[in-house]
Each structure stands twice: as structure tokens, then as C-alpha cells.
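Everything below concerns the one structure shown next.
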Amino acid sequence: MDFEMKPAESRVDWIASYCLKMGKPQEAIQLLKLNQKNYSNSVNTYISLGDAYVKINDVKNAKKQYKRALKLFPESELVLEKMEALKKVNN
């Protein structure tokens, strides 16, 4: 058979979220990177990875992911709020 099967974006996101809750942020980040690879046009993949970076206090990479999300969906209030919250963390 000549077709490609990708895990569902929402399922990978859910598993990554579970990993974060279980204290396994690096595993979560790897899963979320896989989601970005498979669903590069999904704003959610960038938001989720940004959120994972926030959980480990990696503000630089979180900001990078949120900026990518804004490129796909510039009027996203959610992403704009997350960017604003990051500014408060930096200060």
C-alpha cells in the first residue's frame, strides 16, 4: 500500500499534555514537534509547543512558537494574550 498515515493532531496533543502533567516535559516537546512536522499549517501546534516551553520556563522558545502562530493567524487574541503574559515573565 502506498499511503501515509499520521497520528491525529488532537491525539498527539492530548498525549503531550498528559506527559507535561506527569512531569515529562522533554517527551511532551518531542511529541509536539512531531505534530508541527505533520501539521505545519495548524496554529494549535505552535500554541501547544509554546505552552510546553512556558511550563519549563523557556521563554525564548515559547515566544518563538507564539510568533510562528501569529504568522498563521495574526488576529488570534489567544496568542496575543500569551505573548503579553510572556512580557510579564521577562520583567
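The values are calculated or read from the model by the stated rules, or taken from the named source; none is laboratory data. Bear in mind the structure is a predicted one, so any value in this text is a computation, not a measurement. No Cβ is skipped: glycine too gets one built from the backbone with ideal geometry, and neighbour counts run over all protein chains shown. Note: accessible area is taken over every heavy atom of the protein model, side chains too, but ligands, DNA and RNA are not part of it. Shrake-Rupley method; radii C 1.70, N 1.55, O 1.52, S 1.80 Å.
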(message) Using a 1.4 Å probe on the protein heavy atoms, what percent of the accessible area of the chain belongs to carbon and sulfur?
(response) 53
(message) Taking the alpha-carbon distance from LYS67 and a cut-off under 15 Å, which aspartates and glutamates remain once sequence neighbours fewer than 8 residues away in the same chain are dropped?
(response) ASP51, ASP58, GLU75, GLU77, GLU81, GLU84
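Highest mean first, what order results for 48-60, 3-15 on Cβ atoms within 10 Å?
So the order, starting with the most tightly packed, is 48-60, 3-15.
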(request) Take every Cα pair under 8 Å in the chain that's 6+ residues apart, average their separations, divide by the length, and report that relative contact order as a whole percent. (result) 20
(message) Calculate the FRET efficiency for ALA8 and LYS67 from the Cβ-Cβ distance with a Förster distance of 41 Å, rounded to the nearest 0.05.
(response) 0.95
(message) Nothing charged except the Cβ atoms of Lys and Arg (+1) and of Asp and Glu (-1): what's the magnitude of the dipole of the chain about its Cα centre? Round to the nearest 20 debye.
(response) 400
(message) Please compute the per residue accessible area over the chain with all protein chains in place, 1.4 Å probe, rounded to a whole number of Å².
(response) 70
(message) How large is the translational diffusion coefficient of the chain in µm² per second when you combine the Kirkwood radius over alpha carbon pairs with Stokes-Einstein at 10 °C and 1.306 mPa s?
(response) 118
